[in-house]
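The values are calculated or read from the model by the stated rules, or taken from the named source; none is laboratory data. All figures in this text were calculated on a predicted structure; none of them were measured in a lab. Cβ atoms come from the backbone with ideal geometry, glycine included; neighbour counts cover every protein chain shown.
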């Protein structure tokens, strides 16, 4: 009987060990499966590390990683570190990047209509621009514009940002005569319009502006908001800070994703990406409004002259912008007119309720 009990005990022990081993193997297999299912994205901003837009881009990447419990890890990269600055959408299209945060106007080489959803004369101001993008078909129109590219965006992905600084300038601007021949970094449609008015405009990444002003390569430049520009120490290279919403009533930046990579995500991860992006783009807009108010006094205390742009310059820009967009709407692909007319109609409707 003792021998029987001993034998039965040994059999039970062996069976238990087998079950435990099987469970352990199952857990190991599950762990391996989890590791395999982890998704890693690379995302890039377009600016230097000190630019608040780059900082918020990095915050978005880290927040997505955290909200997903690490299932979707989004690795943030500073502008220019993986691909040349302003080439983020090309990299997303080629799946070198899976996400990026950049200004639509940096893609005028691909879509002339990209300049419309950008810092440009006659654009919608912040609140109106975001609501147009999210609720009046703006995001859909941008996706229609990008058809044929493996790139997409979505409502909530646009941060309008406050009105862009008209110019940081070494030279005083008293009238249109001072615009003619001015060596200025000015991007997008605003740059083209100023060029038509006689400025010598150039395209240059934001990270190069400080040194370009020091070397005398340019006399003036537009770049982002008062808040952003204060953190980039532009007070040290330009005496004058010119403010006007005529050239760029907002400075929109947009999150874009690789279409295939996004569509391959499970529904819950897609929702996390959209919700995190929407939250942080709004937070960035509100933050930069508050900080830009403070920055006005910071520039003044640093010895800069913060001035309004003379009325004749504003009037000339708006008049030239009307001509420019009338010509473009008549000659470009239909999507240009669709976006332009949609924004214009929304702006009229928005103004009517003020």
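Determine whether residue 264 is under 24 Å from residue 149 (Cβ atoms) and more than 22 Å from the chain's Cα centre (by Cα).
On the way: under 24 Å from residue 149 (Cβ atoms): yes; more than 22 Å from the chain's Cα centre (by Cα): yes.
Yes; evaluated as a whole, the condition is true for this residue.
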Q: Those residues that are touching a strand residue (DSSP E or B) at 6+ places or on another chain (Cβ under 8 Å) and in a helix (DSSP H, G or I), I need them from the stretch 281-313; list them, please.
A: 281, 282, 284, 285, 296, 299, 300
Q.
Being modelled with pLDDT of 95 or more and closer than 13 Å to residue 99 by Cβ is the filter here; which residues of the stretch 12-61 pass it?
A. 39, 40, 41, 42, 43, 44, 45, 57, 58, 60, 61
Q.
I'd like the full set of residues that are surrounded by fewer than 18 Cβ atoms within 10 Å (Cβ to Cβ) and more than 21 Å from residue 349 (Cα to Cα), limited to the stretch 129-158.
A. 143, 144, 147, 148, 150
Q.
Going residue by residue through the stretch 326-336, is there one that turns out to be at pLDDT 95 or above, over 19 Å from residue 251 (Cβ atoms) and surrounded by 18 or more Cβ atoms within 10 Å (Cβ to Cβ)?
A. yes
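Here's a check for you: in the stretch 235-253, which residue that is crowded, with 24+ Cβ neighbours inside 10 Å and in contact with a strand residue (DSSP E or B) (Cβ under 8 Å, 6 or more places away or on another chain) is farthest from residue 288 (Cα to Cα)?
Step one: filter the stretch 235-253 for residues crowded, with 24+ Cβ neighbours inside 10 Å, giving 238, 241, 247-248, 250-253.
Now narrow it down to the ones that are in contact with a strand residue (DSSP E or B) (Cβ under 8 Å, 6 or more places away or on another chain): 238, 241, 252-253.
Working: 238: 21, 241: 17, 252: 12, 253: 13 Å.
Selected residue: 238.
With 321, 316 as the choices, which residue is assigned to a helix (DSSP H, G or I) and within 22 Å of residue 252 (Cβ to Cβ)? It would help to see each step written out before you state the result.
On the way: 316 fails: within 22 Å of residue 252 (Cβ to Cβ).
Testing whether each residue is assigned to a helix (DSSP H, G or I) and within 22 Å of residue 252 (Cβ to Cβ) leaves just 321.
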Q: Determine which member of the set 204, 187 is surrounded by fewer than 23 Cβ atoms within 10 Å (Cβ to Cβ), in contact with a strand residue (DSSP E or B) (Cβ under 9 Å, 6 or more places away or on another chain) and modelled with pLDDT under 95.
A: 204
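Return yes when residue 161 is assigned to a loop (DSSP other than H, G, I, E, B) and either crowded, with 23+ Cβ neighbours inside 10 Å or not assigned by TED's automatic domain parsing to the domain that holds residue 216 (or both) and no when it is not.
Values: assigned to a loop (DSSP other than H, G, I, E, B): yes; either crowded, with 23+ Cβ neighbours inside 10 Å or not assigned by TED's automatic domain parsing to the domain that holds residue 216 (or both): yes.
Yes, satisfied.
Taking the stretch 57-70 as the search range and keeping residues that are over 12 Å from residue 273 (Cα atoms) and in contact with a strand residue (DSSP E or B) (Cβ under 7 Å, 6 or more places away or on another chain), which one is surrounded by the most Cβ atoms within 10 Å (Cβ to Cβ)? Give the derivation first.
Taking the stretch 57-70 first, the residues over 12 Å from residue 273 (Cα atoms) are 57-59, 69-70.
Then keep just the ones that are in contact with a strand residue (DSSP E or B) (Cβ under 7 Å, 6 or more places away or on another chain); that gives 57-58.
Details: 57: 30, 58: 19.
Looking at residues that are over 12 Å from residue 273 (Cα atoms) and in contact with a strand residue (DSSP E or B) (Cβ under 7 Å, 6 or more places away or on another chain), I get 57.
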Q) When the stretch 211-227 is examined, which residues are found to be buried (at least 17 other Cβ atoms within 10 Å of the Cβ) and in a helix (DSSP H, G or I)? A) 212, 213, 226, 227
(Q) Whether any residue in the stretch 252-259 is in the same structural domain as residue 106 (by TED's automatic domain parsing) and in a helix (DSSP H, G or I) is what I want to check. (A) yes
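Pick from 295, 321, 329: which is touching a helix residue (DSSP H, G or I) at 6+ places or on another chain (Cβ under 6 Å) and not assigned by TED's automatic domain parsing to the domain that holds residue 230?
Working: 321 fails: not assigned by TED's automatic domain parsing to the domain that holds residue 230; 329 fails: not assigned by TED's automatic domain parsing to the domain that holds residue 230.
One residue alone meets the criteria, 295.
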Q | Residue list for the stretch 164-184, filter: touching a helix residue (DSSP H, G or I) at 6+ places or on another chain (Cβ under 6 Å) and in a strand (DSSP E or B) | A | 168
Q) Residue check: is residue 101 in the same structural domain as residue 52 (by TED's automatic domain parsing), under 25 Å from residue 282 (Cβ atoms) and outside any helix (DSSP H, G or I)? A) yes
